[in-house]
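Everything on this sheet refers to the single structure shown next.
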Amino acid sequence: MKKITIAIDGYSSCGKSTMAKDLAREIGYIYIDSGAMYRAVTLYSLQKGFFTEKGIETEALKAAMPDIHISFRLNPETQRPMTFLNGTNVEEAIRSMEVSSHVSPIAALGFVRKALVKQQQEMGKAKGIVMDGRDIGTVVFPDAELKIFVTASAAIRAQRRYDELKSKGQEASYEKILENVEERDRIDQTREVSPLRQADDAILLDNSHMSIAEQKQWLTEKFQAAING
Ligand code: DC
């Protein structure tokens, strides 16, 4: 069967990566979380002390880019991808609050984006890949056969994150989360380099009022149509 490229972009906290991961597993494609790559560069920058009171030491980071090697390996037990930075498993470290709160300015640096996009394009050369992010359908794989742009209302995304934190027994304030979701939307959409936007040929998926099962069904139909098209 012919293999295609699938680009899944959209707002933060709308379930993009779970959806992309599940789809990839089901159809036997490689899954790449491009956000994890921006997070890995952020972790590296934090470790090297590139964040200073005056801002990011961009020249030092630029010089270090060739030394930052990011790869993905499947966890043999869970079959979930783990992110490696220079040979070390950083899957947990890149999800920390510290990394989350420093990643936006790193993802706004043109030279970082250029280097990561190049690696992402390399990973997708053989097709059979599902990649999720913010600029996959617009910049990384403009020729992807299937492009999906995922969204849900800010209130619903905030509620989902609130429920998730609560279910893990963590303290959470709905108002604070909503503020954070809206702030991240604003940064993602207004940054100068590769802002978040729906590609002209992407299919819009608003999952505000969809169950996981309904979303899965929707996605399977779009995939079937794309491989037969
Ligand atoms: O999807 P995420 O929250 O793990 O993404 C982390 C950050 O990286 C977020 O600030 C958006 C940014 N990002 C990006 O600019 N381009 C991508 N292709 C993926 C993520």
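Every number here is computed from the coordinates shown, using simple stated rules; none is lab data. Owing to the predicted nature of the structure, the values given are computational and were not obtained by experimental measurement. Glycine gets a Cβ as well: all are built from the backbone with ideal geometry, and neighbour counts include every protein chain shown.
General remarks:
- Radius, Kirkwood style, for segment 1-102 when every pair of distinct Cα atoms is counted (Å): 15.2 Å
- Share of pairwise Cα-Cα distances greater than 23 Å in the chain is 49 percent (whole percent).
- Semi-axes of the equivalent ellipsoid of segment 124-175 are 33, 13, 8 Å, computed as sqrt(5λ) over the eigenvalues of the C-alpha gyration tensor in descending order.
- All-pairs Cα distance distribution in segment 190-229, expressed in whole percent, bin size 5 Å: 5, 18, 18, 19, 19, 10, 9, 1
- Long pairs among 3/168; 62/125; 62/168, criterion Cα-Cα beyond 32 Å: 3/168; 62/168
- Rounded to the nearest 20 debye, the dipole magnitude of the chain is 460 debye, with +1 charges on Lys and Arg beta carbons, -1 on Asp and Glu beta carbons, and the Cα centre as origin.
- DSSP beta bridges in the chain [antiparallel fraction, %, rounded to 5]: 35 percent
- Among residues other than residue 51 with Cβ under 12 Å from its Cβ, the summed charge is -1 (Lys and Arg +1, Asp and Glu -1).
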